[in-house]
Amino acid sequence: MLRCKEATHLLSEGQDRKLGAGEQLQLRLHLAMCSGCRNFRAQMDFLRAACRGFPGRGEADKERGAK
Amino acid sequence: MSEASVIDDEFVAAIRRDMLKFAQLQLRDAALAEDAVQEALTAALCGARQFAGRAALKTWVFSILRHKIVDLIRQQCRTTNISALGDDEAGLDEAFDTLFKQNAHWRPEARPGDWGNPEEALRESRFWDVFEICLNHLPENTARVFMMREFLEFDTAEVCSELAISVSNCNVILYRARNGLRRCLETSWFAPGEKPC
């Protein structure tokens, strides 16, 4: 069973690489029961959106999808 | 105004401001940022290239600026050890550790909060001021790795090879940066009931 600390590491890494099937499963089970980590995940997504939306960045950025 | 293809002084001044902010956040050196922006602007405006409007010009200068920033970061990391753990970094890591109980689950009072519809904040200019302050508040090397990943949009493998750090180190640094930013925003912007003024 994943602990919150491990879950947050995986959630951060999930922003950078595709998590393995085992990691995804563990994470999903954990998130189903943990509101703190669900909020953490939403916050990670928001950080990405904020960086992409930073005012003044070249227009092209907005069309470029997330990697 | 018709098709916004007028490249006037005012437009250049506005682009310049945006570019400076973008460069300064990443380089953390006003003079270096100023030079990079100047060079990028000169290169773009003196080139023989024709622009179909302002958006195209902006995209073009920013792509030149990106390259300049990457070059400067490469030079900087020849003289600094990105993966060295400074006091700032160690302090942040310790602070995160205190968010968890002994069993590595959240302390109830430290559990990440529900930010509601945070996207609404992206439309508020005051939010961007806070976001910038939080970015600037990250330790320098931590911020550099994060900005390369999120602002210059390198993938992690590229960041690692550019900065000569291991993947696991990169992951640790990005985790630190994201946690630092998230906590900064949580206390400075998303804290419930603290936005009356």
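In a loop (DSSP other than H, G, I, E, B) and under 19 Å from B:Leu152 (Cβ atoms), is that true of B:Ile82? It would help to see each step written out before you state the result.
Values: in a loop (DSSP other than H, G, I, E, B): yes; under 19 Å from B:Leu152 (Cβ atoms): yes.
Considered against the rule, which asks whether it is in a loop (DSSP other than H, G, I, E, B) and under 19 Å from B:Leu152 (Cβ atoms), B:Ile82 comes out as yes.
Every residue in the stretch B:152-183 that is assigned to a helix (DSSP H, G or I), aliphatic (A, V, I, L, M) and either more than 10 Å from every other protein chain (Cβ to nearest Cβ) or surrounded by 18 or more Cβ atoms within 10 Å (Cβ to Cβ) (or both), please. Even if it seems obvious, please write down each step before you answer.
As a first pass, look at the stretch B:152-183 and keep what is assigned to a helix (DSSP H, G or I): B:156-163, B:167-183.
Filter once more, so that each one left must be aliphatic (A, V, I, L, M): B:157, B:159, B:163, B:167, B:172-174, B:177, B:181.
Result: B:Val159, B:Leu163, B:Val172, B:Ile173, B:Leu174, B:Ala177, B:Leu181.
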Specify which of the listed residues (B:Arg74, B:Arg126, B:Arg149) is surrounded by 14 or more Cβ atoms within 10 Å (Cβ to Cβ) and of a type in the set (Lys, Arg).
B:Arg149
With the condition being buried (at least 17 other Cβ atoms within 10 Å of the Cβ) and modelled with pLDDT of 95 or more, I'd like the helices (runs of 4 or more DSSP H) fully within chain A carrying at least 3 qualifying residues.
A:4-13, A:21-33, A:35-52
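Does B:Ala191 satisfy the criteria of being over 17 Å from A:Ser12 (Cβ atoms), away from every other protein chain (no Cβ under 11 Å) and not in a helix (DSSP H, G or I)?
Working: over 17 Å from A:Ser12 (Cβ atoms): yes; away from every other protein chain (no Cβ under 11 Å): yes; not in a helix (DSSP H, G or I): yes.
In short, yes.
Among the residues of the stretch B:165-186, are any modelled with pLDDT under 90 and under 20 Å from the mean Cα position of the chain (by Cα)?
Of the residues in the stretch B:165-186, the ones modelled with pLDDT under 90 are B:165.
Among the residues that remain, those that are also under 20 Å from the mean Cα position of the chain (by Cα) are: B:165.
Within the stretch B:165-186, one or more residues are modelled with pLDDT under 90 and under 20 Å from the mean Cα position of the chain (by Cα).
The values are calculated or read from the model by the stated rules, or taken from the named source; none is laboratory data. Note that the structure is a prediction, hence the values are computed from the model and not measured. So basically every Cβ, Gly included, is an ideal-geometry build from the backbone, and we count neighbours across all protein chains shown.
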